[in-house]
Amino acid sequence: MTAGALSGRRIALPEHRELDRLARMLEAEGAEAVRCPLVAMRDAPDPAPVIAWIERFIAAPPDDLILMTGEGVRRLHALAERSGKGPAFVAALRTARKVVRGPKPGQALRELGLREDVRAAAPTTDGVIATLAAEDLRARRVGVQLYPDNPNARLIDFLRGAGAEPEPVLPYAYASDADDRRVGALIDELAEGRIDVIAFTSSPQIERLFEVAKRAGREDGLVSALKRTRLAAIGPVTAAALTRRGLAAEIVPAGRYFMKPLVTAIVAALSTPVASV
């Protein structure tokens, strides 16, 4: 049997929801996947405002609906189902123009038998704004599915400035998954140079890693360890979170920001010798 392109490489995975899928793809290339899920996703702790938003959405669908994450689409639909409003919610979704930030909310819509109407020029808030900037949004009601730890004032302010009426909803929350001890063990592995790549798939993973390091008085050591480790980011938003920490994502897929292109980018990077300085 021919060894895989990543044979002998140890790749740390902070992913949670699709951890096993990502690990299997890397293991198929010969890598050892070091699993340490840092962030889990939970329903909104208070479902009442989300249910109220769903009811308003069904009663009077907005002109546009901006969907930022696939998880958000699935959580809204699941809550509508549990509230006995699943079919009515899907019917209302059909009537609104659906603007998606990237491929994941588009995939979540297809699971409901629906399709996106507009995809952002880039899978970022700036991409959504750039896509809508040339349109006349005056007096349009615009639903906005937010995601945790990001009230997205920039997008909301843009919509209001364009004369639209934004109607935001936050259908889920982040919760810490791995306990501090396991995160500390991952920091140890990084510090000892036993990780070839750490592959971040969301910015909250980075925040959680630094949060644990700070509580343990190991933040400087973590930064030093990460600077000696090849960093992969699933897309520009996650890469920017590393940049804010003074770090650089060396491995970022070009143009397509989900699991398979990330694995392809990791294989390409680790198959290319690093130039000596």
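The values are calculated or read from the model by the stated rules, or taken from the named source; none is laboratory data. Since the structure is predicted, the reported quantities are computational estimates derived from the model, not experimental observations. Ideal geometry is used to build each Cβ from the backbone, glycine not excepted, and the neighbour counts take in all protein chains shown.
Take the conditions (1) surrounded by fewer than 21 Cβ atoms within 10 Å (Cβ to Cβ); (2) under 29 Å from ALA23 (Cα atoms); ALA91 misses just one of them, which is (2).
Residues considered: ARG21, ARG17. Of these, the only one that is within 30 Å of THR95 (Cβ to Cβ) and out of contact with any strand residue (DSSP E or B) (no Cβ under 6 Å at 6 or more places or on another chain) is ARG17. Here the condition is being in the same structural domain as PRO148 (by TED's automatic domain parsing), closer than 26 Å to ASN152 by Cβ and not in a loop (DSSP other than H, G, I, E, B); of PRO62, PRO49, PRO87, it holds for PRO49 alone. Looking at the stretch 156-253, the helices (runs of 4 or more DSSP H) lying wholly inside it that each contain 1 or more residues that are closer than 17 Å to ALA33 by Cα and within 15 Å of the chain's Cα centre (by Cα) sit at 203-215.
When ARG17 is tested against the conditions (1) buried (at least 20 other Cβ atoms within 10 Å of the Cβ); (2) in contact with an Asp or Glu (Cβ under 9 Å, 6 or more places away or on another chain); (3) assigned by TED's automatic domain parsing to the domain that holds ILE187; (4) part of a loop (DSSP other than H, G, I, E, B), the lone failure is (1). Across the stretch 109-126, the qualifying residues are those that are within 20 Å of ASP63 (Cα to Cα) and buried (at least 17 other Cβ atoms within 10 Å of the Cβ), and the one among them that is farthest from the chain's Cα centre (by Cα) is GLU116. Under the condition of being touching a residue at least 40 places away in the same chain (Cβ under 8 Å) and either closer than 13 Å to ILE66 by Cβ or loosely packed, with under 15 Cβ neighbours inside 10 Å (or both), the residues counted in the stretch 138-156 number 11.
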